[in-house]
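Every read-out reported here was derived from the displayed coordinates using simple, explicitly stated rules and does not represent laboratory data. These figures come from a predicted structure and were not determined experimentally. Because the Cβ atoms are built from the backbone with ideal geometry, glycine has one as well, and the counts that use them run over all protein chains shown.
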Amino acid sequence: MPARCPRNTASCFAATVACVCALGTLNTADAAEPLPMVVLRAPGAEDCVDASTLADRVMLLTGRRALKAAEGSATQGAFEVQILHSADGYTAIVLASGKSRQISDPGPSCENLSDALALTLAILVDSDEPDPITPPSGTATPSPPVRIYVPPPIDQAQSVGPRLLISPSFGLSSGLSGAIVPTLILVNDLRLIGPFSVLAGFTWMPAQDFPLGDGRLELQLMYGQIAGCASTWSFLGSARLGGCAQFNAGALRAKAIGYSGGTEEVVRPYTSFGLTGLLDIPVVGPLYWSTRLSVFLNVPQEAFAIRDVGTAFDPPLVGFVVGTGASVKIF
């Protein structure tokens, strides 16, 4: 089982001794040359000690140059240390004498694990027990140490998507300020943590004419929006599929034109809320092709009537907006 190190390096002594017992011991007191050692650091573990630094730490503990950095793969009689960084902390796999042992530390940096590694190797090279690497004459040569594949860490940027995505798009709306209305949308999508993000921006629609009697009503809508979203960025590979709960607030501007009372203009607040679906497909580099589909409830429903003529505009309860366009990943 893996030995886990507390954040205090001194508390790692028991786990270190267990690691040494599992690996066996090496007698190098009479060795003329230091044993070669290889340290392999996976992506994300670059802050851990390299082979030269680890050999120096072992020398400080043992008082002699017992280990040296070796290039390439470890040879027979060498130590090999593989270090991996994940969301759970740092993990080191020590290979020696055909055996392996794992040491883990949940700390935010690799310092504690590096100290534990130095202590482990110092105990191994200073042991007075027989060297299991050099077999007695007449016995079979032990097989080389088992190679353990250390998988690279998951690319977090790919799994949870961009931190900030700017998405201008053009689309159509229905049931907000007319039957079929061209719509311009600009939103910023800021990822907060993991799959969760906040979407904010504005939507603009050109003025629409509603003829009634001898004149007409000109109606225009513009609103800002904010939404809380949850998404996965592994849909069909690396595309994004998500959904948002959205709230809109803006203004409806109505102008009565061509009536006996002259031109009159009124502005009323507009609010709605609903759901938005997200689809972002990577194109090349920081560019994505984005599509948004929203369904809103118009609450309250703002109707506009011309005095002594009739009602020119009475919106439905439910409205729709669909937009598509190129998005840019900022970071």
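When 173, 100 are sorted by how many other C-beta atoms sit within 10 angstrom of their C-beta, beginning with the fewest, the order is 100, 173. For residue 119, neighbours were defined as the other residues whose beta-carbon sits under 12 Å from its Cβ, and their charges (Lys and Arg +1, Asp and Glu -1) total -1. Each of 205, 222 was scored by other Cβ atoms within 10 Å of its Cβ. Listed from fewest to most, they are 222, 205. Counting every C-alpha pair in the range 238-317, the share spaced more than 20 angstrom apart comes to 55%. Checking every one of the trypsin sites (Lys or Arg not before Pro) in the range 262-331 against DSSP loop status and a limit of 14 other Cβ atoms within 10 Å picks out 307. Distance from the alpha carbon centroid of the range 169-203 to that of the range 251-266 works out to 28 angstrom.
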